[in-house]
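Below: one structure, written as structure tokens.
The values are calculated or read from the model by the stated rules, or taken from the named source; none is laboratory data. The model shown is predicted, which means the values in this text are computed figures rather than measured ones. Positions of Cβ are backbone-derived with ideal geometry, glycine not excepted, and every protein chain shown enters the neighbour counts.
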């Protein structure tokens with residue numbers, strides 16, 4: 001199947017370093033993962049070091065920890081699901 005301009009669907013979707021999959025794998029996913037990791041680290045610092053006795057601030061820190069972990073789990077799960085779908089379609093990312 002060719003798209004306009006003579007590009008095939010396989011080239012448009014990409015193989016891990018080019019196309020849409022390449023953009024997602026090399027730019028978008030690392031940025032989102034870094035944000036989730038930063039949220040987790042900020043929660044740990046806030047919970048343990050910044051607000052020792054203030055319960056409302058410690059609760060905020062706990063929420064940052066929870067959302068950071070949840071974000072990383074969702075990100076890894078979706079990334080794995082996308083790789084399974086791509087390999088099923090025969091356009092698995094290059095290793």
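Every test in (1) part of a helix (DSSP H, G or I); (2) farther than 18 Å from residue 19 by Cβ is passed by residue 88 save one, and that test is (2).
The single condition among (1) under 26 Å from residue 20 (Cβ atoms); (2) outside any helix (DSSP H, G or I) that residue 33 does not satisfy is (2).
Across the range 49-84, which residue is modelled with the highest pLDDT among those that are surrounded by fewer than 14 Cβ atoms within 10 Å (Cβ to Cβ) and not in a helix (DSSP H, G or I)? So, considering only residues that are surrounded by fewer than 14 Cβ atoms within 10 Å (Cβ to Cβ) and not in a helix (DSSP H, G or I), the one modelled with the highest pLDDT is 54.
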